[in-house]
1. Can you confirm whether the stretch 85-105 contains a residue that is among the aliphatic types (A, V, I, L, M), more than 18 Å from the chain's Cα centre (by Cα), open to solvent by 30 Å² or more (accessible area, probe 1.4 Å) and within 30 Å of Ile4 (Cα to Cα)?
2. If I filter the stretch 118-125 for residues that are surrounded by fewer than 15 Cβ atoms within 10 Å (Cβ to Cβ), at pLDDT 95 or above, more than 19 Å from the chain's Cα centre (by Cα) and not aromatic (Phe, Trp, Tyr), do I get at least one hit?
3. For the stretch 195-244, what are the residues that are surrounded by 15 or more Cβ atoms within 10 Å (Cβ to Cβ) and free of Cβ contacts under 8 Å to residues at least 40 places away in the same chain?
4. Tell me which helices (runs of 4 or more DSSP H) are completely within the stretch 149-207 and hold 2 or more residues being within 27 Å of Leu67 (Cβ to Cβ), or say none if there are none.
5. Given the condition touching a residue at least 40 places away in the same chain (Cβ under 8 Å), surrounded by fewer than 20 Cβ atoms within 10 Å (Cβ to Cβ) and of a type outside the set (D, E, K, R), answer yes or no: does some residue in the stretch 63-78 qualify?
6. Would you mind stating whether Val44 is open to solvent by 30 Å² or more (accessible area, probe 1.4 Å), over 15 Å from the mean Cα position of the chain (by Cα) and in contact (Cβ under 8 Å) with a residue 12 or more places away in the chain?
7. Of all residues in the stretch 14-35, count the ones that are touching a residue at least 12 places away in the same chain (Cβ under 8 Å), open to solvent by 50 Å² or more (accessible area, probe 1.4 Å) and part of a helix (DSSP H, G or I).
8. Asp97 passes all but one of (1) at pLDDT below 95; (2) out of contact with any strand residue (DSSP E or B) (no Cβ under 6 Å at 6 or more places or on another chain); which number fails?
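The values are calculated or read from the model by the stated rules, or taken from the named source; none is laboratory data. In this text, all values refer to a predicted model and were calculated from it rather than measured experimentally. Don't worry about glycine lacking a Cβ; one is built from the backbone with ideal geometry, like all the others, and counts go over all protein chains shown. When the accessible area is computed, the model is the full protein with side chains, heavy atoms only, and any ligands, DNA or RNA have been set aside. Shrake-Rupley method; radii C 1.70, N 1.55, O 1.52, S 1.80 Å.
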Amino acid sequence: MYEIVLIRHGESVWNKENRFTGWFDVDLTDTGIQQAKQAGGLLVKKGFKFDLAYSSVLLRANKTLELVLNEMGIPNLPVIKDWRLNERHYGALTGLDKSETAKKFGDEQVKIWRRSFDTPPPLVETESEYFPGNDPKYASIDAAHLPKGESLSLTIDRVLPYWDEIIKPSIIDGKKVIIAAHGNSLRALVKHLDSLSDAEIMDVNIPTGTPLVYKLNSEMKAISSEYLGDEKEIESMMDFVASQGKSDQ
């Protein structure tokens, strides 16, 4: 049996402002910082130890991981950062207020853009500041591989090969691993690990700053999973994530 920990970054500035964030590089709020520290404390309390960490290249995930590891007393743990663990790219929706967008296009359309399996948002123009090809962080990556907007299916297309080729072998090799990433890059992993259908993943909402512990069998599929923390608070956070794209928020 293997065990891994997934954690979505703590609340970000654009989470708080209810804006589509995607690849835009925003910082954590004070609440997000506290969530990350609390997550680290929970992991210490439960006796977790890690040999290796993976994260996206986005600040909110990197900072969450740094705070977690500092709280655990292992600030120098090796960390591998890769753009393939980035959040889903929200295309031309990036920066827009989710509730205002729902008022304009309807709750159902926004739910499809946010949570459907294979419907991408409107694509961003290559001249936009939100196209990754204009960000120096991605200068070494062929622009043809950088998204202008992604569905969850397209996000899976980059996350799962990275899981199969890089992360999974390290776990099989005996490394105790934590992955700090984003709502949709983690939903990509959750869908795979739990063998969820395209329809089932649509209603999965991952709360910010909350460790999700998986026990995996020899085929690297879920035996069990659980969030660490107060059950009612976690349910409330999940409901909040689900409600963010509604016009009445």
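1. Pass one, the stretch 85-105, residues among the aliphatic types (A, V, I, L, M): 85, 92-93, 96, 102.
Those left that are additionally more than 18 Å from the chain's Cα centre (by Cα): 92, 96, 102.
Subsequent filtering for residues that are open to solvent by 30 Å² or more (accessible area, probe 1.4 Å) retains 92, 96.
From what's left, within 30 Å of Ile4 (Cα to Cα): none.
Within the stretch 85-105, not a single residue is among the aliphatic types (A, V, I, L, M), more than 18 Å from the chain's Cα centre (by Cα), open to solvent by 30 Å² or more (accessible area, probe 1.4 Å) and within 30 Å of Ile4 (Cα to Cα).
2. From the stretch 118-125, those surrounded by fewer than 15 Cβ atoms within 10 Å (Cβ to Cβ) are 118-119, 122, 125; that's our starting set.
Subset that is at pLDDT 95 or above: 125.
Cutting the leftovers down to more than 19 Å from the chain's Cα centre (by Cα) gives us 125.
Going one step further and asking which of them are not aromatic (Phe, Trp, Tyr), we end up with 125.
Yes, there is a match, as at least one residue in the stretch 118-125 is surrounded by fewer than 15 Cβ atoms within 10 Å (Cβ to Cβ), at pLDDT 95 or above, more than 19 Å from the chain's Cα centre (by Cα) and not aromatic (Phe, Trp, Tyr).
3. Taking the stretch 195-244 first, the residues surrounded by 15 or more Cβ atoms within 10 Å (Cβ to Cβ) are 196, 201-202, 204-214, 216, 220, 222, 225, 227-229, 234, 237-238, 240-242, 244.
Within the stretch 195-244, Leu196, Val204, Asn205, Ala222, Ser225, Tyr227, Ile234, Met237, Met238, Phe240, Ala242 meet the criteria.
4. Values: elements: 152-162, 168-172, 183-193, 198-201.
Here the list reads 152-162, 168-172, 183-193.
5. No, every residue in the stretch 63-78 fails to be touching a residue at least 40 places away in the same chain (Cβ under 8 Å), surrounded by fewer than 20 Cβ atoms within 10 Å (Cβ to Cβ) and of a type outside the set (D, E, K, R).
6. Values: open to solvent by 30 Å² or more (accessible area, probe 1.4 Å): yes; over 15 Å from the mean Cα position of the chain (by Cα): yes; in contact (Cβ under 8 Å) with a residue 12 or more places away in the chain: yes.
It is true that Val44 is open to solvent by 30 Å² or more (accessible area, probe 1.4 Å), over 15 Å from the mean Cα position of the chain (by Cα) and in contact (Cβ under 8 Å) with a residue 12 or more places away in the chain.
7. First, the residues of the stretch 14-35 that are touching a residue at least 12 places away in the same chain (Cβ under 8 Å): 14-29, 31-35.
Filter again for open to solvent by 50 Å² or more (accessible area, probe 1.4 Å), leaving 16-17, 19, 24-25, 27, 31, 34.
Now drop any that are not part of a helix (DSSP H, G or I), which leaves 16, 31, 34.
The number of residues fulfilling the criteria is 3.
8. The failed condition is (2).
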